[in-house]
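Below is one structure; the comments refer to it alone.
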Amino acid sequence: MQSQQSLQTRISEAFSGTKFNQEPLQLYQPIEYTLDMGGKRLRPLLVLMSCDIFGGDIEKAVYPAMGVEIFHNFTLLHDDIMDNAPLRRGNTTVHQKWDANTAILSGDTMFVIAYEYVAKTDPALLPEVLDLFNDTARKVCEGQQYDMNFETQGDVSIPDYMLMIRLKTAVLIACSLKLGAILANASQADADKIYEFGIELGLAFQLQDDFLDAFGETSKFGKAIGGDIATNKKTYLFLKAFELAKGDTLIQLTNFYSDKEIGIPQKTEGILHIYRKLKIDEITRVEIEYHHEKAMGILKSFQFNPEITNKLIALMQEMLGRER
């Protein structure tokens, strides 16, 4: 099995050898800017790693892996517009650096480019690959719509939220792993099982993202801390806090979220104080661990050799921001 470092190097080489900066520059410069931000490129890494694990030729997976990463960045670009986010990976977001219309159009073009790359696969496998990719793209959009619905929906439950992040975040991680398995001609059972592993990993990953938005550091997180609090986003932390808060604490929590005269720093500080009082940080860590353990159970059921298992565990730990 190839090392994570070598797979990441191959992904970096593939992107560095491809120029997206074409005419008209106003359309393609934001795409180049977005992809040059890099990020950890976890999803293409998962494609190549899964392909390698199941005995496939990773060179045949490079273009589809790039397509997954381009699609992922397209969703982030549009997500930032909807959230009016100022930062992405520590950089100014596209709609702030240019404008919203440019960001929308450049994002649409990224979606087309993503399809072009995913389609560069073995013709014999293309129908199955496109079925998976289309299903994933549709589910990601469904998840985003649920996320937007939650902004005005007053009765959002934690199960509602878990469904939303499954669609918006987890399915693309699961798709990446299953895509690699398909490209390696893995059995249907193994491809389906690695998909379920990806779902649990994706749920833990998004919950960790929610946690870091409240309790992380901007320098490490790559986004402004408290962004979800500032926008009244109904995250797991938000929903659990309202589930547990009683009496004066519930009144304070409601006031912080509803009083538009309260400044963002004061609001963030006040809500984080309530979160800590209710032990929301600890409860969220327990939920993250629950999905992490479910993913571990699926991983161990494969009975891979120890080298493969340990490398996948190391990647999981990295994705969840844990010490190896």
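Just so you know, all these numbers are worked out from the coordinates, no wet-lab data involved. This one's a predicted model, so the numbers in the text were calculated from it and none came from an experiment. Ideal geometry is used to build each Cβ from the backbone, glycine not excepted, and the neighbour counts take in all protein chains shown.
How high is the relative contact order of the chain, given as a whole-number percent (alpha carbon pairs under 8 Å, six or more residues apart)?
Values: 405 pairs, mean separation 55.7, N = 324.
After rounding, I find 17 percent.
How would you rank 168-174, 286-292, 125-131, highest first, on the average number of other Cβ atoms within 10 Å across their residues? Write down the numbers at each step before the final one.
Values: 168-174: 24.1, 286-292: 17.4, 125-131: 14.3.
Ranked from most to least packed, the peptides come out as 168-174, 286-292, 125-131.
What angle, in degrees between 0 and 90 and rounded to the nearest 10, separates the Cα long axis of helix 306-319 from the longest principal axis of the Cα atoms of the chain?
It works out to around 40 degrees.
Have a look at THR121, GLY143, ASN91 and report the one farthest towards the positive end of the charge dipole of the stretch 88-147, computed about the Cα centre with Cβ charges (Lys/Arg +1, Asp/Glu -1).
ASN91
Which label belongs to the value computed from this structure, given these candidates for Cα Rg over 2.2 N^0.38 Å: [x] 0.96; [y] 1.02; [z] 1.16?
So the structure-derived entry is [y].
On a straight-distance basis, which aspartates and glutamates could pair with LYS97 in a cross-link, Cα separation under 14 angstrom, same-chain partners fewer than 8 positions away excluded?
Within the straight-line cut-off, LYS97 pairs with GLU32, ASP80.
With a cut-off of 8 Å between alpha carbons and a minimum separation of six or more residues, what is the relative contact order of the stretch 153-252 in percent?
On the way: 81 pairs, mean separation 27.3, N = 100.
It comes to 27 percent, rounded to a whole number.
What are the ³J(HN,Hα) values, in whole Hz, obtained from phi via the Karplus relation 6.51 cos²θ - 1.76 cosθ + 1.60 with θ = phi - 60°, for each residue of the stretch 72-81 in sequence order, with x given for Gly and Pro?
Ordered by residue, 3J(HN,Hα) equals 4, 5, 4, 5, 5, 4, 6, 4, 5, 5 Hz.
Would you calculate a helix-derived [θ] at 222 nm for the chain, using -39,500 (n - 2.57) for each DSSP H run of n ≥ 4 and dividing by the full residue count, to the nearest 500?
Details: 17 runs with 235 residues, N = 324.
Using -39500 (n - 2.57) per qualifying helix, the result is -23500 deg cm²/dmol.
Please give the contour-minus-distance gain from GLU307 to ARG276: 0.36 nm per residue of separation, less the Cα-Cα distance, rounded to one decimal in nm. Please report the intermediate quantities before stating the final value.
Details: separation 31, 0.36 × 31 = 11.16 nm, distance 3.95 nm.
Fully extending the segment from GLU307 to ARG276 adds 7.2 nm.
Where a Cα-Cα gap under 13 Å defines reach, which aspartates and glutamates qualify for LYS139, not counting those fewer than 8 residues away within the same chain?
Here the aspartates and glutamates satisfying the reach criterion relative to LYS139 are ASP131, ASP147.
Return one number: the angle in degrees, 0 to 90 and rounded to the nearest 10, between the long axis of the Cα atoms of helix 25-36 and the longest principal axis of the Cα atoms of the chain.
90
Once both axes come from the Cα atoms, what is the angle between helix 4-16 and the longest principal axis of the chain, in degrees from 0 to 90, rounded to 10?
Approximately 90 degrees, to the nearest 10.
May I ask for the distance between the Cα centers of the stretch 291-310 and the stretch 156-220, given as a whole number of Å?
So the two Cα centres are separated by 15 Å.
Going by average Cβ neighbours within 10 Å, how do the peptides 50-59, 252-261 rank, with the highest at the top?
Put in order of decreasing packing, that is 50-59, 252-261.
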